[in-house]
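A.B. asks: Can you read through this structure? Questions will come right after.
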């Protein structure tokens, strides 16, 4: 199988030069994307505010009165910087991932490269699915939950209104996006571990009850302290775990077929 490796013996300095080149390309892509996103930071932030507007409508409030505030002079500026960095990471991820792959690919066998590529494609797709779930459903639901806690002025009661800060709202939606995006990587990670022989589908199935407990604990840590967002993250995590078990069994089944075919071919010879 050594002939299937494209990598040739090189001194350490050559590998370091190659690593530096890949890092320059990755950082360059991130920097260019950051400048573009910073230029459009306000429109991007307004796009992130759309789920909050939906929540206002769900709560039966006047959407024209929906507003965010900032209480420090520099707060909105640094919020735009965070928005630009967030957008740059999303835009530059294909370039960064391709540079990582190009750095490690020469040291892989051809069958390993063929197995790695589908996961390289599936990972950003699953992340986008998780992010879309946050944007179109969970963020409006969480904000509706918080808006429902407002209090109208009345006899013996004062008005209690929600006035979210721009930085805190951005932190909320970014936390949810990254949490769901990482959770949606579960089938990819477990399938890779099964392919290399570190995990087995039966072991995953046996540890199901422990994983359910861990899923709720992780959801409580990663999400805001409200039951809706915690349950909303825990349930997809458990569902993805079941998908991971199914994918692991498919990998093992295909591996068994390949080994059987190899045995038959060897006996025929």
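A.B. asks: So for the pair residue 101, residue 159, with labels modelled 7 Å out along Cα→Cβ, what separation do we get in nm?
C.D. replies: Going by the 7 Å Cα→Cβ label model, 5.5 nm.
A.B. asks: Just to be sure I understand, if you calculate Cα extents along the principal axes in Å for this structure, which of (1) 55, 44, 29; (2) 92, 45, 24; (3) 62, 43, 42 do you get?
C.D. replies: (2)
A.B. asks: So, one more: Assign one of three labels to segment 166-233, namely rounded, prolate or oblate, based on the Cα gyration tensor with a ≥ b ≥ c the square roots of its eigenvalues; rounded applies when a/c is under 1.5, prolate when it is not and a/b is larger than b/c, and oblate otherwise.
C.D. replies: oblate
A.B. asks: How far, in degrees from 0 to 90, does helix 110-133 lean away from the longest principal axis of the Cα atoms of the chain, to the nearest 10?
C.D. replies: Once rounded, one gets 10 degrees.
A.B. asks: In percent, what relative contact order does segment 9-155 have, based on Cα pairs under 8 Å that are 6 or more apart in sequence? All intermediate terms of the calculation are to be shown ahead of the outcome.
C.D. replies: On the way: 84 pairs, mean separation 59.6, N = 147.
Worked out over segment 9-155, it gives 41 percent.
A.B. asks: Relative to the longest principal Cα axis of the chain, at what angle does helix 186-195 sit, 0 to 90 degrees, rounded to 10?
C.D. replies: Relative to the chain, helix 186-195 is tipped by roughly 10 degrees.
A.B. asks: Further question on the same structure: May I ask you to sort 103, 34 by Cβ crowding, counting other Cβ atoms within 10 Å and putting the fewest first?
C.D. replies: Starting with the residue having the fewest Cβ neighbours, the order is 103, 34.
A.B. asks: So what's the back-of-envelope 222 nm ellipticity for the chain, counting only DSSP H runs of four-plus at -39500 (n - 2.57) apiece and dividing by all residues, rounded to 500?
C.D. replies: Working: 10 runs with 200 residues, N = 269.
That calculation yields -25500 deg cm²/dmol at 222 nm.
A.B. asks: First measure r as the distance between the Cβ atoms of residue 137 and residue 23, then evaluate 1/(1 + (r/R0)^6) with R0 = 30 Å and state the FRET efficiency to the nearest 0.05.
C.D. replies: 0.20
A.B. asks: Just want the ordering: 161, 201, from fewest to most Cβ atoms lying within 10 Å of their own Cβ. Don't skip to the answer; put the middle values down first.
C.D. replies: On the way: 161 10, 201 20.
Least crowded to most crowded, the residues run 161, 201.
A.B. asks: Based only on other Cβ atoms within 10 Å, what is the fewest-to-most ordering of 71, 139, 175?
C.D. replies: 71, 175, 139
A.B. asks: Cα centroid distance between segment 118-174 and segment 34-98, in Å?
C.D. replies: 12 Å
A.B. asks: Related question: Rounded to the nearest 0.05, what FRET efficiency is calculated for residue 249 and residue 32 with R0 set to 51 Å and r the Cβ-Cβ distance?
C.D. replies: 0.75
None of the figures in this text is laboratory data; all of them are computed from the coordinates on show. Given the structure is predicted, the values throughout are model-derived calculations rather than measurements. A quick note on method: Cβ atoms are made from the backbone with ideal geometry, for glycine too, and the neighbour counts reach across all protein chains shown.
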